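Notes for the one structure printed next.
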Amino acid sequence: MNNIKFYIRNILKSILLIYDLIRFRVTGNSPNEKYHLLLNSFYVFGGVLNNFGSFLLRTKKLSFNPSEGILSKFSAADMRSASKFLRQNGYVVLENVLDESQCESFLKMSLDITGINREMDSNQNQVYEGRYNRENPTSNRFEYDSTTLVNQVEVQKILGDESLLSFAQEYLGGAPTIDIVHMWWHAPFRIEADKNAAQWFHFDMERVKWIKFFFYITDVDTNSGPHTFIPKTHRVWGIPSSLRKKGYVRLSDEEVDSNFPTNSWKEFTGKRGTLIVEDTRGLHKGKHCVSGDRLVFQTEYTISNYGAKVTPPKLEINNASPEFGRALTKYPIVFSMIDVTK
């Protein structure tokens, strides 16, 4: 009986979601509380309405030049193959995307700018805001504010990179909008994996469709917290109902293993400069770091800003490089979720 009530309630909410998506397409507005409809539809329909929403809300593709950017080192055939693999499996790995000098620039930047500890489940970490100390970490996860990041030249080179935008657009099927800009360290501060540090399995569901790019800035082995993904769980019905109906929660390895044996998990180790492109609608986590550390820079591109309300990063226009300033003007929809101030 409880299962029947669960499905009836969420089917009704899914009907409301369809109405809300259409209203958003027409007006560009949706009350913030309607975001829960997107989550509830996923619990029941496993992504069917995400696909409907992405088709409804997508905008016309832009004319990017993929030969201008860090992916231009790969041939057109390589990129077509990568795009196909990504659609089929939910991820693709591209090696040596960032060179040594670019990784060094990001590493230096991470130690020069200020960040904060991510609050841990155990509340054991110290409340701290300042520069990261690799020799004496104070939490499992140390992260940086998106506003701080978008004002850095190193980050702007990635955000304005047309080869990355072109690859994101190919997957999304419409013009991409930069949604999330993030960077964090994982460190072996506590023995146990931490939910709040995203070290338990979970799926993302803030938008109807999106794609994330994870750049390894440091070398990552099996002990230093590699990103982990379960292939093909990004597909419609890819995550079983038994896990979806638990809600928007973190899942233990044991819960996931009961549906997906550990030998099916993909653990991404690699040299710094490696790029992992992933549809994080699939089940994923950052493996707990037990030795060494890991620095990751991440961007997310979305088909539409429908969904969760987020505080946009603020870019002071005087901090924009000339190249990034031109990109802001040339592709306003790409950067429409960045608040540009004078």
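A short reminder: the numbers here are calculations on the coordinates, not readings from a lab. Computed from a prediction, not measured in an experiment: that's the story for all the values here. Here Cβ is always computed from backbone atoms with ideal geometry, including for glycine, and neighbour counts include all displayed protein chains.
Of everything in the stretch 302-337 that is among the aliphatic types (A, V, I, L, M) and not in a loop (DSSP other than H, G, I, E, B), the residue that is farthest from ASP179 (Cα to Cα) is ILE317.
Every condition in (1) under 21 Å from the mean Cα position of the chain (by Cα); (2) part of a loop (DSSP other than H, G, I, E, B) is met by GLU267 except one, and the failing one is (2).
Of all residues in the stretch 136-158, exactly one satisfies the criterion of being farther than 16 Å from ASN318 by Cα and in contact with a Pro (Cβ under 6 Å, 6 or more places away or on another chain), namely SER146. From the set of residues in the stretch 80-111 that are more than 21 Å from HIS186 (Cα to Cα) and free of Cβ contacts under 8 Å to residues at least 40 places away in the same chain, which is surrounded by the fewest Cβ atoms within 10 Å (Cβ to Cβ)? Ranking the candidates gives SER101 first.
In the stretch 211-235, the residues that are touching a residue at least 24 places away in the same chain (Cβ under 8 Å) and of a type in the set (Gly, Ala, Ser) form Cβ pairs under 6 Å with partners that are surrounded by fewer than 21 Cβ atoms within 10 Å (Cβ to Cβ) and not in a strand (DSSP E or B), at six or more places apart or across chains, as follows: SER224/GLY292.
Of all residues in the stretch 58-73, those that are small (Gly, Ala, Ser) have Cβ atoms under 6 Å from Cβ atoms of residues that are assigned to a loop (DSSP other than H, G, I, E, B), 6 or more apart or on another chain, in GLY69/ASP161.
For the stretch 294-308, residues that are in contact with a helix residue (DSSP H, G or I) (Cβ under 8 Å, 6 or more places away or on another chain) and closer than 25 Å to ARG23 by Cα total 7. Only one entry in LEU12, LEU17 is among the hydrophobic types (A, V, I, L, M, F, W, C), surrounded by 15 or more Cβ atoms within 10 Å (Cβ to Cβ) and either assigned to a helix (DSSP H, G or I) or touching an Asp or Glu at 6+ places or on another chain (Cβ under 8 Å) (or both), namely LEU17.
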